[in-house]
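The values are calculated or read from the model by the stated rules, or taken from the named source; none is laboratory data. Everything numeric in this text was worked out from a predicted model, so none of it was measured. No Cβ is skipped: glycine too gets one built from the backbone with ideal geometry, and neighbour counts run over all protein chains shown.
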Amino acid sequence: MKLPAQPEPVEVDFARSAVVVVDMQNAFVKKGGTLDLAGVDLSDAARVAAVIRNVLSAARPAGLSVVHLQVGYKPDLSDAGGPRSPNYHKETAMHLMCARPELKGKLLTEGSWDFAIIDELAPDPSDLVITKTRYSGFAGTTLDSQLRVRGIQYLFFAGIATNVCVESTLRDAYFLDYWPILLRDATMAAGGRSAYEASIFNVESFFGWTLTSAQVQSSLLEYSGKVAHSAR
């Protein structure tokens, strides 16, 4: 199907597509989580979660794969990189835990409340859940091999934060020859409107395409109708 994307329409095979939900965890959506403790404005997070839920409600019946990316570390932080890794010093949760030792083991630690995917977007049994320890979902994970074994070529991106983990994963997807499509209203930046707009510019200019959730849901409905008709 040809989708009305920006900066130009793009042809997509929904039978080879997946929705990639990036880091919709308590850490990045809820008060008391990592981003809230870091002073990031979360006023748009609940809206983003509701939009993603609607997209998944259309994607699953149409047969699209759903992938949840979930960033987190082992309790001993052995996979965070250690003091010689920039991740140890720059990643938000690690930075907070280094600055405030009382938070160690509470932020983005596997098994913690902060690490958990929000209840509103709890994965279905058929969904693929990938735990990562870096901004990109492809860095040090099985995401690429899992997508390839499923025959996936087109990726619809949603989640938080637009300018950090979403854009990082989308860029790597582009480098690996996937077709990345960002759902503009199904994501939120860390850093305000200017950071969000910079990511939209980067995606539309260099790394992929953008759509609204309403556009993709309408296309999925049309696609499902065609599949049902051909099966009769």
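Could you list, in sequence order, the residues of the stretch 163-185 that are among the hydroxyl-bearing types (Ser, Thr, Tyr), free of Cβ contacts under 8 Å to residues at least 40 places away in the same chain and either in contact with a strand residue (DSSP E or B) (Cβ under 7 Å, 6 or more places away or on another chain) or not in a helix (DSSP H, G or I) (or both)?
TYR174, TYR178 - these are the residues of the stretch 163-185 that are among the hydroxyl-bearing types (Ser, Thr, Tyr), free of Cβ contacts under 8 Å to residues at least 40 places away in the same chain and either in contact with a strand residue (DSSP E or B) (Cβ under 7 Å, 6 or more places away or on another chain) or not in a helix (DSSP H, G or I) (or both).
Working only within the stretch 93-135, note down all residues that are over 30 Å from SER145 (Cβ atoms) and free of Cβ contacts under 8 Å to residues at least 60 places away in the same chain.
Within the stretch 93-135, HIS95, MET97, CYS98, ALA99, ARG100, PRO101, GLU102, LYS104, GLY105, LYS106 qualify.
Would you check which residues across the stretch 94-144 are of a type in the set (D, E, K, R), at pLDDT 95 or above and not in a loop (DSSP other than H, G, I, E, B) and list them?
Selection gives ASP119, GLU120, LYS132, ASP144.
Would you tally the residues in the stretch 68-92 being closer than 27 Å to GLN146 by Cα and either among the basic types (Lys, Arg) or in contact (Cβ under 8 Å) with a residue 60 or more places away in the chain (or both)?
Going through the stretch 68-92 one residue at a time, the tally reaches 7.
Could you please find all residues in the stretch 48-65 being touching a residue at least 24 places away in the same chain (Cβ under 8 Å) and assigned to a helix (DSSP H, G or I)?
Listed by number, the residues that qualify are VAL48, ALA49, ALA50, VAL51, ILE52, ARG53, ASN54, VAL55, LEU56, ALA58, ALA59.
Taking the stretch 133-157, which residues are over 18 Å from ALA80 (Cβ atoms), of a type in the set (Ser, Thr, Tyr) and either touching a Leu at 6+ places or on another chain (Cβ under 9 Å) or surrounded by 15 or more Cβ atoms within 10 Å (Cβ to Cβ) (or both)?
TYR154
Residues to consider are VAL20, VAL40; find the one that is within 19 Å of THR187 (Cα to Cα), part of a strand (DSSP E or B) and of a type in the set (A, V, I, L, M, F, W, C).
VAL20
For the stretch 113-132, which residues satisfy the criterion of being buried (at least 20 other Cβ atoms within 10 Å of the Cβ), within 14 Å of the chain's Cα centre (by Cα) and not hydrophobic (A, V, I, L, M, F, W, C)?
LYS132, the sole residue that qualifies.
Could you list, in sequence order, all residues of the stretch 136-149 that are without any contact (Cβ under 8 Å) to a residue 24 or more places away in the chain and within 21 Å of LEU77 (Cβ to Cβ)?
GLY140, THR141
Does the stretch 5-24 contain at least one residue that is without any contact (Cβ under 8 Å) to a residue 60 or more places away in the chain, within 18 Å of VAL164 (Cα to Cα) and of a type outside the set (Ser, Thr, Tyr)?
no
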